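Quick notes on the structure that follows.
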Amino acid sequence: QVQLVESGGGLVQPGGSPKLSCAVPGFTLDYLAIGWFRQAPGKEREEVGCISSSDGSTYYVDSVKGRFTISRDNAKNTVYLQMSSLNPEDTAVYYCAAVVYYTCSASADQYDYWGQGTQVTVSS
């Protein structure tokens with residue numbers, strides 16, 4: 001019954017800093033590990049990072065370290081993906097996913113619930 005709704009995508013200029021949201025209405029984040037994934041046109045889906053339910057610790061892939069930050073607001077049942085220094089290579093559909101566990105996984109196969117995705121297009 002866990003639903004995830006992404007928002008915040010759109011057309012951004014290179015170097016922009018959009019902030020994506022992943023709302024999880026009606027379900028506390030205290031029991032969910034949330035992962036962010038992206039899929040560029042013609043490419044396979046890949047993980048961007050994740051945040052644990054236990055202590056809020058995060059993990060990021062090397063390509064986004066220092067540029068992307070995952071955070072959560074448990075009171076608002078929302079997880080965020082703050083992006084910065086975007087380039088055209090970051091263009092993709094961004095998804096959030098959830099699993100009922102205390103820590104996050106780097107494998108997409110281990111996530112049970114997925115949002116519909118939000119398009120982020122980086123272009124001038």
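The values are calculated or read from the model by the stated rules, or taken from the named source; none is laboratory data. Note that the coordinates shown come from a computational prediction; the quantities given were computed from them, not determined experimentally. Virtual Cβ from ideal backbone geometry, glycine too; neighbours counted across all protein chains shown. Ligands, DNA and RNA are excluded from the accessible area calculation, which covers all protein heavy atoms including side chains. Shrake-Rupley method; radii C 1.70, N 1.55, O 1.52, S 1.80 Å.
Can you give the relative contact order of the chain as a percent, counting alpha carbon pairs under 8 Å and 6+ residues apart? Could the numbers behind the result be given before it?
Details: 322 pairs, mean separation 46.1, N = 124.
So the answer I get is 37 percent.
Can you list the GluC sites (Glu not before Pro) in the range 36-91 that are in a DSSP coil and have 12 or fewer other beta carbons within 10 angstrom?
Here the GluC sites (Glu not before Pro) that fit, given the DSSP loop and packing criteria, are Glu44.
Using a probe radius of 1.4 Å on heavy atoms only, what accessible surface per residue do you get for the chain? Whole Å² is fine.
50 Å²
From the protein chains alone at 1.4 Å, what is the descending order of accessible area for Cys104, Cys50, largest first?
Cys104, Cys50
Would you mind getting me the FRET efficiency between Asp55 and Ser85? Use the beta-carbon distance for r and R0 = 22 Å, nearest 0.05.
Between Asp55 and Ser85 the formula returns 0.20.
Once you order the gyration tensor axes a ≥ b ≥ c over the Cα atoms, which shape class does the range 51-123 get: rounded for a/c under 1.5, otherwise prolate or oblate by comparing a/b with b/c? List each step's numbers first, then the result.
On the way: a/c = 1.69, a/b = 1.52, b/c = 1.11.
Judged from the Cα gyration tensor, the range 51-123 comes out prolate (a/c at least 1.5, a/b above b/c).
For the range 34-108, which whole percent of the accessible surface, found with a 1.4 angstrom probe, sits on carbon and sulfur atoms?
Details: 1690 of 3510 Å².
Heavy-atom surface of the range 34-108 belonging to carbon and sulfur, 1.4 Å probe: 48 percent.
Cα centroid distance between the range 66-101 and the range 34-49, in Å?
So the two Cα centres are separated by 11 Å.
Using only the alpha carbons of the chain, what is the convex hull's orientation-averaged projected area in square nanometres?
Values: hull surface 27.2 nm².
Computing the convex hull of the Cα atoms and averaging its projections yields 6.8 nm².
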